[in-house]
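Visitor: The structure that follows is given in the form of structure tokens.
Just so you know, all these numbers are worked out from the coordinates, no wet-lab data involved. This one's a predicted model, so the numbers in the text were calculated from it and none came from an experiment. Backbone-built Cβ (ideal geometry, glycine too); neighbour counts: all protein chains shown.
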Amino acid sequence: MTVGQRLFLALVPSLLAVALALGLAYYGQYARTAPELVVVGASILAIASLVVTWLNTRYLARRITRLAGPSAAGTRDTPDELDRIEQVVDQLGSALSVSKAESAKAQDAAGLRLHEHATLLSATVRSTLGQLDDVRLPLHILLEAKFGDLNENQEELLGAARDAADAMDEALRRLGKIADADRGALPVVRELVQVNDVIRAVLPLAHVAAERRGARVESSLEPALPRVSADRVRLAEALALFFESAAEHVSSERPLRIASARDGRTILISVSPRPDTTPALAGRLLEVQGGSLSMTNAAAEIRVG
């Protein structure tokens, strides 16, 4: 039973007792005799009201004492339990304010640290790319402009080294874009974009990635979708990365399904099967233009606009 219910219950006998008291006042006038039933009922209701009020008062006193704590009694600064409770609430409020201030300070410090790390990472990536170019150029010259006879094994070794250098170059460039996005230095050019056109532009890449695993691509694009404000180049790059990642989980019996539909003011792009992990760069490219990416059990959902 709640405290409010207990208090209302204590009022019921009192209200009935008041009604019977009015009856007694009426019968108490000269030449009138109160019926014995009215007198007995008034007495019973008065006693019941006293008992219920006593029980509720004792219950509330115990709860207040328990809430105030064992140190509420016998202290000069807290004449009663309510003062003690007020002090505890004030202390909790002060502690909460301090906690919020410390949390905000920690968030600011974490944001500053993230920006510093992203700046350092971006500078390191640019420096490494320059050094990598110094490696790729001689390899390219050796393979394209031969200064001497190379046997087949030497050409294969040089070709593998050039492919590895190209792959490293691509990975470093992606890492650099992630660092630029984290420090807010990735440029974004917004324009009104038809999302279906962007999807159609990157679908050939999805087909190639799916065909490598013997699978097909099924697309279902809702017609007449409204244009949304987005960066066409960044969006295309994010979708291409995500489609290629999702294509790693397809098979001849499990095609790659891509669908678009309108969802309120945004455009929803559904991709299944979803990849186990989200490509980091794809997520950053969506975030910088106000998009979002979420995972369900069956598919991945990209929102644009």
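Visitor: Under 5 Å between amide hydrogens, which residues at least 5 positions from ASP263 or on another chain qualify, with H placed 1.01 Å from N in the peptide plane?
Guide: Here LEU268 satisfy the definition.
Visitor: From the square roots a ≥ b ≥ c of the eigenvalues of the alpha-carbon gyration tensor of the range 191-304, which class results: rounded (a/c under 1.5), prolate (a/b over b/c), or oblate?
Guide: prolate
Visitor: Same structure, new question: Using amide H atoms built 1.01 Å from N in the peptide plane, name the residues 5+ places from ARG216, or on other chains, whose amide H lies under 5 Å from its own.
Guide: When sequence neighbours closer than 5 places are left aside, the close amide H contacts are LEU256.
Visitor: Same structure, new question: Work out from phi, with θ = phi - 60° and the Karplus expression 6.51 cos²θ - 1.76 cosθ + 1.60, the ³J(HN,Hα) of each residue of the range 108-118, listed in order in whole Hz, and give x for Gly and Pro.
Guide: Couplings: 5, 5, 5, x, 5, 5, 4, 5, 5, 5, 5 Hz.
Visitor: Quick one: check the C-alpha center-to-center distance for the range 39-54 versus the range 211-245, whole angstrom.
Guide: 79 Å
Visitor: Would you please classify the overall shape of the range 135-235 from the alpha carbon gyration tensor, given that a ≥ b ≥ c denote the square roots of the eigenvalues, rounded means a/c under 1.5, and beyond that prolate means a/b larger than b/c while oblate covers the rest?
Guide: Here the range 135-235 falls in the oblate category.
Visitor: With +1 assigned to the C-beta of every Lys and Arg and -1 to the C-beta of every Asp and Glu, and no other charges, what is the dipole magnitude of the range 172-270 about the Cα centre in debye, to the nearest 20?
Guide: 120 debye
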